[in-house]
Amino acid sequence: MSRIGKLPISIPEGVKIDVSDKNIVTVKGKLGELSQKINKDIKIEINGTEVIVTRMSDSKTHKSFHGLSRVLIYNMVTGVSAGFEKKLEVIGVGYRAETKGKLLELHVGYSHPIVFEMPVEVTAEVQQEKRQNASITLKSFDKQLLGQVAAKVRSFRKPEPYKGKGIRYIDEYVRKKVGKAAAE
């Protein structure tokens, strides 16, 4: 069996899970509601406070869908109960970020500010202190959507390899290149 797929998923208090006839899993919690269609060959059982995911056979496709389905359900349960967050850092002289309701406004070296409208499920917080880089914290209960939004914000000004200026994840390492050597 798949090492990840065979692990049971514990259901925290306040979270409800429903499985429809067409293998659509719906998870409701205090932060929101998520639903995901799971492959028809994967069986989902709810035993008290645990969800157990099993597969029909040991074929390669069933093995791959087994682990994937378990992780998708686990991420939905974690998202509606605790939520997820991603942190980005804006590095560069004169680079700054600010939020205005559901809009994220970025000043990252272009002649105009970039205004990005956040999806309803994602919230953004900006922390900027004097002489410090701006920090953007994105929070959501949908892990997939959060990753897409964080990647989109990062794509507005990717970190460049010579000075390291741009928008990057907090834990991201940018390998710096050596500039041109002076002609002798």
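If you consider only alpha-carbon coordinates, what radius of gyration and Dmax does the chain have, in Å?
21.3, 76
Once neighbouring chains are kept in place and the probe is 1.4 Å, which whole percent of the accessible area of the range 103-184 is contributed by carbon and sulfur?
On the way: 2770 of 5700 Å².
That share works out to 49 percent.
Return the tail of the calculated pair distribution for the range 1-83, meaning the percent of Cα-Cα pairs more than 19 Å apart. Walk me through the numbers before you get to the answer.
Working: 1061 of 3403 pairs.
Pairs farther apart than 19 Å: 31 percent.
Take the cross-link list Lys102/Lys165; Lys37/Lys63; Lys6/Lys139; Lys37/Lys152 and give me the ones stretching past 23 Å between alpha-carbons.
Where the Cα-Cα span goes over 23 Å, the pairs concerned are Lys102/Lys165; Lys6/Lys139; Lys37/Lys152.
Considering only protein heavy atoms, what per residue accessible area in square angstrom results for the range 1-125 with a 1.4 angstrom probe?
60 Å²
To the nearest 20 debye, what is the magnitude of the charge dipole of the chain about its Cα centre, counting +1 on the Cβ of each Lys and Arg and -1 on the Cβ of each Asp and Glu?
For this selection, approximately 680 debye.
Filter the trypsin sites (Lys or Arg not before Pro) in the range 104-184 to those in DSSP coil with at most 15 other Cβ atoms within 10 Å of their Cβ, and list the result. Please report the intermediate quantities before stating the final value.
On the way: sites: Lys130, Arg131, Lys139, Lys143, Lys152, Arg154, Arg157, Lys163, Lys165, Arg168, Arg175, Lys176, Lys177, Lys180; in loops: Lys130, Arg131, Arg157, Lys163, Lys165, Arg175, Lys176, Lys177, Lys180.
Those that pass, being in a loop and sparsely packed, are Lys130, Arg131, Lys163, Arg175, Lys176, Lys177, Lys180.
The values are calculated or read from the model by the stated rules, or taken from the named source; none is laboratory data. Predicted model only: the values in this text are computed from it and were never measured. So basically every Cβ, Gly included, is an ideal-geometry build from the backbone, and we count neighbours across all protein chains shown. Surface accessibility is based on the protein's heavy atoms, side chains included, excluding ligands, DNA and RNA. Shrake-Rupley method; radii C 1.70, N 1.55, O 1.52, S 1.80 Å.
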